[in-house]
Each structure stands twice: as structure tokens, then as C-alpha cells.
Amino acid sequence: MKVILLKELKGKGGEGDVIDVAPGFANNYLLTQGYAVLATKGNLKQLEQRRNNIAKREETRLANAQELKAKLDDARVVVDVQVGEEGQLFGSVTSTMVADAIQKTLDVEIDKRRVELGKPIKVAGVHPVVVSIYRDIKATVLVVVGDEAEETIDAIDEAIEIAESPADEMIEADGQITEDGDVNVEVTEVEE
């Protein structure tokens, strides 16, 4: 059964796309929830008249998504949780907790369903997390997990600042988080 999508449907298409779906899916979900209308001659003619408006809205959505991606890419957010021995968490960090941390830190509201954890985080440290923004546009947020996560971020920032600071000689900084949550930063001189 051919239908015209009225709004984006993940995995199927965007606004104005004509797609072929199973009759049950169309009748029981798409049509009743307002996601689509039947692809009749009259509706197809209306679609052609609306194509310019749809293209403008899509362009705006893509621009907003790129702007959000720039804001989220490589941003660091903190999820403060209790950590047991050997860096194991009491419980786990979920997509809801990551979305709340992004809201709190960056003042950007992200739907928890757009946070692609794969599996919950159960170990303290720095974890890259992918956030799906719009269609194929994705951003990677660095999630710092632990009960002393703020200190960890400060130590990482300090290591980056040391590595990027101008000096008479070239230096290299390498930082890592140990199993007990401490941050070790090693600064070495590099010969040219």
C-alpha cells in the first residue's frame, strides 16, 4: 500500500516521501497516528504543490542538526555515580542519565531514545557515547563516569592545556584513568 509521509519516520523516510508499506502497518499505525495519508491522485497533486515548502523545512532541520552536532561533538558531560572497588559502578549508567547530564551541562534537550549506548556503562572512566541528532547526523559526547568525575575532567583539561601550551621544547602529555579512579598524567620531552 502506498502512503505519503507527513513527518519523519525513522527507517522509512522523511516528510513528503511516498513509500510502500504493508496494509496493516498503514491502517493500524501510520494513518491513525497521523504519520501518513493514502497516496491517492489528489493527495499526490497536493504533495507536488507543497514540495517547495517541504524542501525549505528540511533545509532548516539539517542546518539546526549541524549546529547541534557542532555543539555536542567532543563535549564532556559528567555522570556522578557511586563507584565500588576496581572502578565497578553500583548499578549502571543508562541513556536517560546521559541525556539528563547533557541537559544539565550543555543546556541542550536530547531525547533519551537518541542516545546510542548499545549497553549500559558499568565501569568508571571516560566513555564516548553517540547521540543521533537527525537522520544520518550523529555526534559523539565524552561521558565521564564516577564519584569524583569533576576532578577527572579537571585533570584531563590540565593535561590538554600542558600539551597545547607553547614551550621552548616540544612536550607530550599522556593521561589515563587508573582502576581506582585516579588520573595519571605523564609529561615527556620530545626531541625534534
| query | Is it true that some residue in the range 80-101 is touching a Phe, Trp or Tyr at 6+ places or on another chain (Cβ under 9 Å), surrounded by 15 or more Cβ atoms within 10 Å (Cβ to Cβ) and either in contact (Cβ under 8 Å) with a residue 60 or more places away in the chain or part of a helix (DSSP H, G or I) (or both)? | reply | yes
| Would it be correct to say that I102 is of a type in the set (A, V, I, L, M, F, W, C) and touching a His at 6+ places or on another chain (Cβ under 8 Å)? | no
| note | Only one of (1) modelled with pLDDT under 65; (2) open to solvent by less than 60 Å² (accessible area, probe 1.4 Å) does not apply to E189, and that is (2)
| task | Pick out the one residue from G34, G24 that is outside any loop (DSSP other than H, G, I, E, B) and either surrounded by 15 or more Cβ atoms within 10 Å (Cβ to Cβ) or of a type outside the set (F, W, Y) (or both). | result | G24
| query | Got a number for residues in the range 121-146 being of a type in the set (S, T, N, Q) and open to solvent by 40 Å² or more (accessible area, probe 1.4 Å)? | reply | 1
| task | Within the range 102-120, count every residue that is open to solvent by less than 50 Å² (accessible area, probe 1.4 Å) and free of Cβ contacts under 8 Å to residues at least 40 places away in the same chain. | result | 5
| task | Answer with yes or no whether G14 is touching a strand residue (DSSP E or B) at 6+ places or on another chain (Cβ under 9 Å) and open to solvent by less than 70 Å² (accessible area, probe 1.4 Å). | result | yes
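The values are calculated or read from the model by the stated rules, or taken from the named source; none is laboratory data. Keep in mind that what you see is a predicted model, and the values were worked out from it rather than measured. Because the Cβ atoms are built from the backbone with ideal geometry, glycine has one as well, and the counts that use them run over all protein chains shown. Surface accessibility is based on the protein's heavy atoms, side chains included, excluding ligands, DNA and RNA. Shrake-Rupley method; radii C 1.70, N 1.55, O 1.52, S 1.80 Å.
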